[in-house]
Amino acid sequence: MFSFIRRKLKYLRNRPKGPKDEFTYSFLSNNLRDNIHNIQSIFGNSADIVIRNFTFGKDSSYEGALVFVDGLVDNIFISRSILSPLSDWKDTLESKDNLIEFIEKQILQNPEVKRLSTYDDAISDCLNGNTILFVNDCDTCLSISTKGFEKRAVTEPQSEAVVRGPREGYTENIRTNTSLIRRKIKSPSLRIENYVIGEKSKTNVALIYLEDVVNPDVLKKLRSRLKRIKVDAIFESGVLEEYIEDSSFSPFATIAYSEKPDVTAANILEGRIAIVVDGTPFVITVPMLFIESFQSAEDYYGRNLYTYLIRIVRYVAYLIAVFGPAFYISLVNYHQGLIPTTLLVTIINAREGTSFPIIIEIIIMLFAFEIMREAGIRLPRPMGQAISIVGALIMGEAAVNAGLVGAPVVIVVAITAVASFLIPNQSETIPVLRIFVLILATFAGLFGLVIGLLAILIHLASLTSFGVPYFSGFTRYNQDSIIRTQLKSMTKRPEGIAKNNIVRRGSNMKNYSIKENEAEDRVGVQI
Amino acid sequence: MTIAETKISGRQFMYSIICFIQASAILNAFISNITYQESWLVVIFAFIIFIPSVFMYGALINRFKDKNLIQIVIQIFGPILGRIISVIYLIFFLSITMFNITDLTDITKTSMLPTTPYIILVMMCILITAWAVRSGLRVLTIYSKMYVFLASFIIILSIIFLFNVIEIGNLFPIFSLPLKKYVQGIHILNAIPFGELVVFLLIAPNVQMNKKQTYKYFFLGASIGAFSFFLTVLRDISVLGETFGMFVFPSLVAFRLIRITEAITRIEILFIVILIILLIFKISILYYVTVITVSQIFNLKKYKNIVLSVGFFLMTAAIVLSANSIQHTLAAQNGAPFIWVTLQIIFPFILLLISLIFNIKSPKEESK
Amino acid sequence: MKKIFILVFLLLCSLFLVGCWDAREINTLFIVTGIAIDKSEQEGFFDVSVIGIKTSPSRGGSQSSDDKDKKIVLKTTTRSIRDAFFHLNLNYDRTLYLQHNQIVIFGEDVAKDDLHRHLEFFVRSENSRMETLMLIVEGRADEVFKMDVKQEQNSTIYLFTHIQTISRRVKHYKISVLNFIANLLTEGFHSVIPIFAVNKNDDDDMPINMTGFAVFRNNKMIAKITDLEALGFVLLKGDVKNTNRTIISYDGMVSFDFDDIKTKKEIIYKDNYPIKIKITIEITARVEELLGFEKYSIQDLNRELHNIVQQEIINVATQTFKYFQELKVDVFGIGLSIYQHHPKKWNNLRNDWDNIFASLEVEINPKVVIKDYGQIVSIYNPGGVK
Amino acid sequence: MIVIGVIYLLIMIMDFYPIIKHKKVKHLIINLMFIIPGLIFLFLAAKGIIVKSWITIIWEFLKSLGISY
């Protein structure tokens, strides 16, 4: 009891201090020299900060200075839209009492100009890609948006290949991503809220949602959680995910991510909120349901019956991926009766040569498979393909011949490995669950497997993603969970996501073939 | 987790009743060696006799809308006497849970893990149910719909698979046994599967359903459960015929006779696994109810922290109190009906009568 | 959240400590596919021999079919079945695994005295199955294991597949331990088990053939019936998918295929005491082979064949029924149908049912429908009058 | 047998931690009320003594009164 208290006190004494705020100067002075001097001291004259002094106005009576970060701005744009208009007014510009306002309204031709009065805003705008215009004896400055840094073009996403459907994927730039979504949903009620997170990185994070459809308390929870993040830098939406998700300890991801705008747009239409993080092509949508990871974008573009089949194949693949090895072990070690006699004899023959117990064999093979998979990803693209193929073939074959591993084990592990690729979103949860159920099955056979299954089910039931029950897809009626009903009759949004379950448009469309026949019957035209 | 605030829908209430009775369908060993081939008749009569008490339960739930059984007892009999009666109910719930735990471990021992010691199986079952009970009623009953479909799928599938072995002749002769045997059979059935529905009186306050729906859901649940119980007994008798009375778990033997092609034989374990899931569901509900009664008696706010200690008691008691399956079935056949039926049906009926005579109702503003 | 994790983690570690009781490494198992029980010389002892599959380490799972003898036979003599398995487990390196056992074979002399005492083990203990088939073998049962079988892995699998195929046509060839015990429990109903004989000259490839049925009174074998009576038994029992019969009359020879035989038994009482039983046998027959009958035209050929078949069925059925009446063994479930439909009547018939059955008067009326005559329309008689 | 009992008690610690922290005496008493008989039963089970369950006791009592089948 006492050691506990002592530990508590020690922790309180040397708790790490929060990040210190650097900028100590607050308001701009109206003397240009001081301003420039302060800016230089703040930036510590790092190489890419450019300060351009120039004079303008009638017989160069006024003095100004431009401050911008080289590389973040478009130099041609600066000269064309700031310097040349100022120089045009050379002969007509006399002394004006309010010079800054006149420049902002009349002279500058930039689309976006802001007046700033404190150093903090000036600095943060300058680092964001704007140029700052200081004028002598004026205590406010102008921040002009002249962004123009290198951007990656919109290309096909790597992680979600699709046979049919739009191929454009997100890029690292937040503005292109929001524009891609805006192009998908052109309704005025699409709101984009901007947040700046990270003491040092100051990354822009945009919340995108449809005003009349979003679930208000999910929005409230999300906003409060975003505000509470005190962290140095956010480079990837995965990092953000870690901070705002409900239960970071559960193997299940309660926040969905995607690289394709049409998937995020569909989610937003269903009442979810998309979070775009500057600098990463992965956009996360909140709240997530368990069944979402079994839906792929292509389900809605392909034939309806085919999607029935594919959905069932995905669920079966998930079950095989998680319970495959455990079921094999419980069959071979505990309930040999279940295996038909001839198959049992072949398994015994195959295992005659090997010496390890089955659990060790399965762990060896699972471990080998994980190594190959990681190698396949980490190596550069051409090498990666070769390694995974070579690894699979040689290792499997050699292991069996060397008598290290029985042939059936290789087959079982291969099937579970391939099955876990079918559901990309869940590829992080499957290995964890597989090991958990495997251990239970080795020690108690099918009974252990059932206990493992129940444990997973109970955990899933008590999991919520932003207040919305995570596993609700199966238990309550949902037109899109196990099977996808025809698009025309998919009228209701998933429970709990939308504000008050607003019915989607176009719910009154019947099958055209039926409608046309009815029309003809009424008219009495015999085909 | 306070007791009152988790609300489940009426439909889930019905599904959990069905699941509850289906789970005890595999334990029809109780009546098999009393009314050999006519057990399917006894099931019908038992259900017919049980129907009035279903409506009696419904009436009790409706009269005391937001009060579970223990609160009603305390309200009617006053704090001291009420507590004594609820302690009796607590012992009753403890012994029902122990009964089902021994049944579960017997089934797993005979069909799957013959040599694992008793305590391991009991402990695994207790741990899982404790986790489910700790995470609240909603998590407990959220899967009842899935379990019901699973169970009925199993019953229908097994009938189809056993079609070539079924002999209709085995169902006869009818009414060939002395009347005493029938009465005892009905008495047992009203105690083991049907009487245990008294447990739902404690879950009812957490269910959102109006007056009419209570009757509808309770009756529908009980009748579908009874029908699947009837189907199981019918299947077992028509397959096993004379040997129906011989076995401890007739359904286990019936599943063993499934032989389709050369490969699909000896698959009784797959069926038993699903029935074990159902039994674990039933034990988790009984466990939840026991913990609720304990917290009601000592009126604790949160019941989460006493779950594991009750589990510990259950675990060790389940091992010590039942010697072997024969003594267990004998106790169920002769001892249980008398004791349990009084607590399950006669006592709530007395509660209802007293509350009608003295017109005690839960206070006006509460009963919506 | 942390609590849940601790609970799960402790659940796991509790299992680690516990070790695994029921795990049996698969290559330490000896797959038993047949058990034979014979009477040994010593009084009260039994020779129990067990046959299993020999497994051989093979690369790539292909069956190495070169070594001919793929079977292992273990023998022991003990007083009871359970001691036998205990004894065998003691002296053999691998543990015997009974779940895959297909057949239990009894020698004729074991069947003659008490069969039930050997079956008790198969029904009671968990690790053996009660739907294994039962067989009686003339002479000693363990000769069956000596047969070398080309097609299957060992002789019991050969026997098992053999019974499966023939029982698909006639249901009564297949009787499992559970059926036998069920018959023992029903009063007034005795079971009949197929009997095989191992043929001695081992040049032809049919090592074993079925010589008929062994008739049991409760658990003692009292008689054997040959193939002819077997057909009568099958006809009286009914519920048969397909069997055949060749009849030689002085006009020629015809062989029928009886598809789908159904029998209805009706008992006629005189002041609730059964005196007569009327058995109607409905058969749809097909003519498979037809020789002779030249002088019949097509029309009256049909009538003639009808008479021949009906006469033959009446003879065979009555002869078999009389035979069982002499044995005083009701194998056809007549007593059972009385018990099932009129339990009151059965109470006072119960004790001397065998004599009542023996004194029953039997009347058989077959209803035969000759469905088709095969592909040839006219009677094929080489050089005969058209 | 005892080992399993001890393991289960390990899991119980998780349940007791909040009780001790928030000093809920009532919970503590109830838990102990269940654990102590549990421990007694555990030792009985370890020794292999099978106690006649209360149902059979009452059943014999009823039988002596003549109410039974």
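Each value in this text was obtained by applying a stated rule to the coordinates, not by laboratory testing. All of these numbers come straight from a predicted model, not from anything done at the bench. Note: ideal-geometry Cβ built from the backbone for every residue, glycine included; neighbour counts use all protein chains shown.
From the Kirkwood radius over Cα pairs of the stretch A:32-145, Stokes-Einstein at 37 °C and 0.692 mPa s returns a whole-number translational diffusion coefficient of 231 µm²/s.
The trypsin sites (Lys or Arg not before Pro) of the stretch A:153-195 meeting both criteria, a DSSP state outside H, G, I, E and B (loop) and at most 14 other C-beta atoms within 10 angstrom of the site's C-beta, are A:164, A:167, A:186.
Note that the stretch A:429-438 has calculated 3J(HN,Hα) couplings of 7, 4, x, 5, 4, 4, 5, 4, 6, 4 Hz, one per residue in order, obtained from phi through the Karplus relation 6.51 cos²θ - 1.76 cosθ + 1.60 (θ = phi - 60°); glycine and proline are x.
Qualifying chymotrypsin sites (Phe, Trp or Tyr not before Pro) in the stretch A:111-175, where qualification requires a DSSP coil assignment and no more than 13 other C-beta atoms within 10 Å, comprise A:149. From the alpha carbon centroid of the stretch D:20-34 to that of the stretch C:290-320 is 93 Å. The slack between residue A:128 and residue A:306, meaning 0.36 nm per residue of separation minus the straight C-alpha distance, is 59.3 nm. Counting Cα-Cα pairs of the stretch A:227-375 in 5 Å increments starting at 0 gives whole-percent bin shares of 1, 7, 11, 13, 14, 13, 11, 10, 8, 7, 4, 2, 0. In the elastic network of chain C, a GNM with C-alpha springs shorter than 10 Å, the most mobile of C:185, C:327, C:133 is C:185. Residue exposure proxy: C:306, C:162, B:328, ordered by other Cβ atoms within 10 angstrom of their Cβ from fewest to most, comes out as C:306, C:162, B:328. Scaled against 2.2 N^0.38 Å for its residue count N, the alpha carbon radius of gyration of the protein assembly as shown is 1.21. Peptide packing for A:227-234, B:131-138 was compared via the average number of neighbouring C-beta atoms within 10 Å per residue; ordered from the highest value, the list is B:131-138, A:227-234. Gyration tensor analysis over the Cα atoms of the stretch C:227-386 returns equivalent ellipsoid semi-axes of 38, 14, 12 Å (largest first, whole Å). Of the DSSP H helices in chain C, those that are both long (alpha-carbon extent of 20 Å or more along the helix axis) and hydrophobic (Kyte-Doolittle mean at least 0.5) are C:2-18. Comparing A:189, D:55, A:84 along the charge dipole axis of the protein assembly as shown, the residue lying farthest to the positive side is D:55, per the Cβ-charge model.
Helix screen, chain B: DSSP H segments with Cα axial length of 30 Å or more and mean Kyte-Doolittle hydropathy at least 1.6 are B:39-63, B:268-297.
Altogether, the Stokes-Einstein calculation at 4 °C and 1.567 mPa s, with the Kirkwood radius of chain B over Cα pairs as Rh, returns a diffusion coefficient of 62 µm²/s. Within the stretch C:154-243, the trypsin sites (Lys or Arg not before Pro) that combine a DSSP coil assignment with at most 12 other C-beta atoms in a 10 angstrom radius are C:200.
If R0 is taken as 60 Å, the Cβ-Cβ distance between residue B:360 and residue A:185 corresponds to a FRET efficiency of 0.50. Taking only the C-alpha atoms of the stretch C:77-139, the Rg (one decimal) and the largest Cα-Cα distance, Dmax (whole number), read 12.3, 35 Å. Taking a ≥ b ≥ c as the square roots of the eigenvalues of the Cα gyration tensor, the stretch A:148-229 is oblate, since a/c reaches 1.5 or more and a/b is not larger than b/c. In the calculated pair-distance distribution of chain C, the portion above 27 angstrom amounts to 61 percent of the Cα-Cα pairs. With all projection directions averaged, the alpha carbon convex hull of the stretch A:304-462 covers 11.5 nm². Longest stretch of chain C clear of exposed loop sites (chymotrypsin sites (Phe, Trp or Tyr not before Pro), DSSP loop, at most 11 other Cβ atoms within 10 Å, sites excluded): C:1-249. Site-free segments of chain D were taken between trypsin sites (Lys or Arg not before Pro) in DSSP loops having at most 16 other Cβ atoms within 10 Å, sites themselves excluded; the longest one is D:24-51. Past the 16 angstrom mark, what percentage of all C-alpha to C-alpha distances in the stretch C:170-237 do you count? Percentage above 16 Å: 54. A Cβ-based charge dipole, computed about the Cα centre of the stretch C:227-386 with Lys and Arg at +1 and Asp and Glu at -1, lands at about 560 debye. Value of Rg to Rh for the stretch A:215-265, rounded to two decimals, is 0.97; Kirkwood radius and Rg both from alpha-carbon coordinates. Entry for the stretch A:174-300 at q = 0.16 Å⁻¹: log10 I(q)/I(0) = -0.76, Debye formula applied to identical alpha-carbon scatterers, no solvent contribution. PRE reach from residue D:57 (point 7 Å along Cα→Cβ): which of the stretch B:91-135 fall under 14 Å by backbone N? So the set is B:91-92, B:95.
Two decimals, Cα atoms only, Kirkwood Rh: what is Rg/Rh over the stretch B:201-320? That ratio is 1.09, to two decimals. In chain C, helical runs assigned H by DSSP with n ≥ 4 each contribute -39500 (n - 2.57); averaged across all residues and rounded to the nearest 500, the mean residue ellipticity at 222 nm is -10500 deg cm²/dmol.
Largest first and in whole Å, the equivalent-ellipsoid semi-axes of the stretch D:1-53 read 26, 14, 5, each the square root of five times a Cα gyration tensor eigenvalue.
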